[in-house]
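Asker: Pasting a structure below so you can have a look.
The values are calculated or read from the model by the stated rules, or taken from the named source; none is laboratory data. These numbers come from a predicted model, not from an experiment. Because the Cβ atoms are built from the backbone with ideal geometry, glycine has one as well, and the counts that use them run over all protein chains shown.
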Amino acid sequence: MVRYRGDALEKALTTTTTRTVADDDLLLQLKINYYPRCPQPELAVGVEAHTDVSALSFILHNGVSGLQVLHGARWVTARHEPGTIIVDVGGALEILSNGRYISVLHSGLVNREVVRISWVVFCEPPPDSVLLHPLPEFVTEGHPARFTPRTFKQPVDRKLFKKKQQHKAQAEEENGGNGDHHHHELAMDARSLVLL
């Protein structure tokens, strides 16, 4: 059953209405998060709460805990077993599975005593040519499609626009409403590096 659904998900990620996506069309991203030691971790944010838009995210780590997930109404710190890779379900998989697999809200914390590093690998389809929609295997009379068809780029654009608006509002609040938010965005960008 898992293999069948896996094949269906693979087919959905690699097929469009007009052509098959070749391996060289896929975008592989590596995001490196560096969290320096912080004497007052309760006053700092490593990576703000968010969900990933990719189908799956693979998180490698240096063994220092700090990944938190929202479970029910409370934040839970994930265990970081040596030699493990943490796999996170993203928004694309939530759409393909018609909500059976949920893209979980998560964040990254800093540590008082040691540096924390995580390497996150995302594999994404071409932004405009792959149409994401619930797979037929996950749509029934009792569970109708919860998502309308959309390209991979549409949820990414919405997330980036929302984040930009949040940062702008926060910067305006911090700067007395003058709208000067460049320093805030630069500080946020310095926390992670995306290699394309």
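Asker: I need the full set of residues from the range 59-98 which are acidic (D, E) and farther than 30 Å from P149 by Cα, in order please.
Answerer: Of everything in the range 59-98, just one residue is acidic (D, E) and farther than 30 Å from P149 by Cα, namely E81.
Asker: Residues of the range 109-125 being buried (at least 16 other Cβ atoms within 10 Å of the Cβ), in a loop (DSSP other than H, G, I, E, B) and of a type outside the set (S, T, N, Q), which ones?
Answerer: If the condition is that a residue be buried (at least 16 other Cβ atoms within 10 Å of the Cβ), in a loop (DSSP other than H, G, I, E, B) and of a type outside the set (S, T, N, Q), then L109, V110, P125 are the ones that fit.
Asker: Just the residues that are modelled with pLDDT of 85 or more, under 22 Å from Q154 (Cβ atoms) and surrounded by 15 or more Cβ atoms within 10 Å (Cβ to Cβ), please, taken from the range 20-52.
Answerer: Selection gives K31, T51, D52.
Asker: Right, something else. Among the residues of the range 127-161, write down those that are modelled with pLDDT of 90 or more, assigned to a loop (DSSP other than H, G, I, E, B), surrounded by fewer than 16 Cβ atoms within 10 Å (Cβ to Cβ) and out of contact with any Pro (no Cβ under 8 Å at 6 or more places or on another chain).
Answerer: V139, T140, E141, G142, H143, P144
Asker: Considering only the range 79-97, state which residues are surrounded by fewer than 17 Cβ atoms within 10 Å (Cβ to Cβ) and within 16 Å of the chain's Cα centre (by Cα). If you could, list the steps in order and put the result at the bottom.
Answerer: Taking the range 79-97 and keeping what is surrounded by fewer than 17 Cβ atoms within 10 Å (Cβ to Cβ), we get 79, 81-85, 87.
Residues satisfying the conditions are I85, V87.
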